[in-house]
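Input: a single structure, listed below in structure tokens.
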Amino acid sequence: MKPQFPLYIVSKGRADSRLTVKSLESMGMPYRIIVEPQEVDTYAEVIDRDKILPLDMSYKENYETADKFGKTKGTGAGAARNFAWEHSMTEGHKWHWVMDDNINGFYRLNHNLKVPVGSGGCFAAMEEFCLRYSNVAMAGPNYHMFAPRKTIQKPFVVNTRIYSCNLIRNDIPFRWRGRLNEDTDLALRILKAGWCTVLFNAFLQYKVTTQIVKGGNTAEFYEEDGTYLKSKWLVDMHPDVARITWRFKRIHHHVDYTQFKKNKLIRNSEDK
């Protein structure tokens with residue numbers, strides 16, 4: 001089984017590790033990987049060149065960082081994610097998947113077991129669920145570490161953040177913005193507009209800790225500023241629901257999603 005919507009990986013400086021690439025290839029999944037033009041040849045040494053999409057650098061030049069740093073820092077992954085969004089639309093798709101480049105496998109959580117997924121059935125199942133409803137805008141699998149197998153887990157949670165592996169409806173009036181925490185920001189803007197998000201516990205992603213794998217935004221952001229700037233930016237953008245806190249032995253953010261309980265899933269009429 002394969003998903004009906006395209007899968008994109010955004011990557012930078014990780015041609016050697018390429019964890020998500022290896023995961024999808026082991027599952028027999030079609031994908032495209034978006035890299036900056038100067039890295040195309042490096043990635044082409046280990047990935048079929050037909051699967052590589054050079055980033056249109058105008059997406060970086062015109063990207064909304066929504067902070068005071070201007071061009072002194074990189075844009076993060078958001079510009080490449082916006083490129084993936086528009087690319088999928090040019091191909092006529094109504095949804096698309098966009099993933100980080102440090103996902104080391106996907107799993108099915110069922111009866112206290114986390115079983116590695118060997119095909120695209122997990123993506124197809126999440127797509128089919130979302131298409132039953134007229135007001136789901138974004139969905140994706142939870143982090144492996146956030147769904148302990150020996151605790152009772154709901155198969156999915158409605159109206160919360162979606163990290164790192166996002167199934168996005170193309171016709172919503174939003175785009176990625178910000179250098180860090182842009183996934184939480186996008187989820188909050190979606191929820192504030194009355195849409196729903198769906199976070200699946202039935203399907204999980206083994207996301208390697210961001211600061212462990214070299215490349216990406218690690219050197220440019222985390223080594224210099226830790227997690228303070230990303231948390232402060234989110235609080236500045238959403239002071240009504242976000243605050244800075246101390247979690248996981250570091251400065252982090254906390255978002256109160258309770259106000260979005262009023263956003264109810266609406267079943268498509270043909271499925272009722």
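The values are calculated or read from the model by the stated rules, or taken from the named source; none is laboratory data. The shown structure was predicted, so the numbers you read here are calculated from the model rather than taken from an experiment. We place every Cβ from the backbone using ideal geometry, glycine too, and count neighbours over all the protein chains shown. Heads up: the accessible areas ignore ligands, DNA and RNA and are worked out on the full protein's heavy atoms, side chains in. Shrake-Rupley method; radii C 1.70, N 1.55, O 1.52, S 1.80 Å.
Numbers for the structure displayed
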{"read-out": "Extreme residue, positive dipole direction of the chain, given options L204, V35, N263 (C-beta unit charges)", "value": "N263"}
{"read-out": "log₁₀ of I(q)/I(0) at q = 0.07, 0.09, 0.14, 0.16 Å⁻¹ - the chain, Debye sum with one point per alpha carbon", "value": "-0.23, -0.39, -1.04, -1.41"}
{"read-out": "Area accessible to solvent at D100, 1.4 Å probe radius, in Å²", "value": "30 Å²"}
{"read-out": "Contour excess over end-to-end distance, with Cα ends at E25 and K68 and 0.36 nm allotted per residue", "value": "11.5 nm"}
{"read-out": "Rounded FRET efficiency, nearest 0.05, which uses the C-beta distance separating Q4 from A44 and R0 of 30 Å", "value": "0.60"}
{"read-out": "Contour minus Cα-Cα distance for I172 and K150 (0.36 nm per residue)", "value": "4.2 nm"}
{"read-out": "Residues A193 and K261, FRET efficiency given R0 of 25 Å [Cβ-Cβ distance, rounded to 0.05]", "value": "0.95"}
{"read-out": "Where the chain is the region considered: accessible area per residue in Å², 1.4 Å probe", "value": "47 Å²"}
{"read-out": "Percentage relative contact order, the chain, counting C-alpha pairs under 8 Å, at least six apart", "value": "22 percent"}
{"read-out": "Efficiency of FRET between T209 and K51 - r from beta-carbon atoms, R0 25 angstrom, step 0.05", "value": "0.45"}
{"read-out": "Gained length - E128 relative to H252, 0.36 nm times residue gap less alpha-carbon distance", "value": "41.3 nm"}
{"read-out": "Loop-located trypsin sites (Lys or Arg not before Pro) in the range 84-118, at most 15 other Cβ atoms within 10 Å (DSSP)", "value": "K94"}
